[in-house]
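One structure is given here, and the rest of the page talks about it.
Nothing in this text is a laboratory measurement; each read-out follows from the coordinates by a stated rule. Only a predicted model underlies this, so the values are computations on that prediction, with no experimental measurement involved. Note that we place each Cβ from the backbone using ideal geometry, even for glycine, and neighbour counts take in every protein chain shown.
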Amino acid sequence: MDHTSDDAARRLRLRLADVEARFAAQRSTVDGIVEAARDSNADDEHDPEGATLAWERQQAAALADGADAERRELLAALDRVAAGTYGVCEACGRPIPAARLEARPAATRCVEHAR
Ligand SMILES: [Zn+2]
């Protein structure tokens with residue numbers, strides 16, 4: 001493994017740790033809200049507190065889903081590092097610029113082919 005892919009793997013693992021922490025935090029927020037809703041008398045849909053809790057739970061669940069999707073992208077990128085195909089645009093086969101990979105380490109396409 002050359003120096004560049006070492007850097008890429010290190011960056012991907014750092015992001016992965018960050019994303020996993022975010023995922024765990026959002027999951028525990030969801031669990032906490034579910035528990036709070038169970039403890040309070042939030043059976044009534046018209047209870048304003050129940051509605052707020054439901055909305056907060058949805059937000060936290062959406063953030064957890066987003067973190068989970070990002071986690072899968074990062075894991076796929078680490079597979080590409082191992083396979084030696086990391087940083088190559090899957091559309092045109094040209095190298096993805098380093099600046100783009102720094103901003104989006106899981107990018108699979110160059111800017112031109114990102115859409
Ligand atoms: Zn391309």
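Per-structure values
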| item | result |
| --- | --- |
| Net charge of neighbours whose Cβ lies under 10 Å from the Cβ of E90, counting Lys and Arg as +1 and Asp and Glu as -1 | +2 |
| Degrees separating the helix 48-83 axis from the principal Cα axis of the chain, which is the longest one | 20 degrees |
| For segment 17-42 versus segment 83-113, the gap between their alpha-carbon centres in whole angstrom | 35 Å |
| Environment charge at R71 (Cβ cut-off 11 Å; Lys +1, Arg +1, Asp -1, Glu -1) | -3 |
| Calculated [θ] (222 nm, deg cm²/dmol) that DSSP helices of n ≥ 4 give over the chain, each run adding -39,500 (n - 2.57) | -24500 deg cm²/dmol |
| Hydrodynamic radius (Kirkwood) for segment 3-86, which is based on Cα pairs only, to one decimal in Å | 14.7 Å |
| Relative contact order [Cα under 8 Å, 6+ residues apart], segment 3-86, whole percent | 47 percent |
| Cα-centred dipole magnitude for the chain, charges only on beta-carbon of K, R (+1) and D, E (-1), debye, nearest 20 | 960 debye |
| In degrees, nearest ten, helix 3-39 long axis to first principal axis of the chain (Cα) | 10 degrees |
| Positive minus negative residues near A21 (Lys, Arg vs Asp, Glu; Cβ under 15 Å) | +1 |
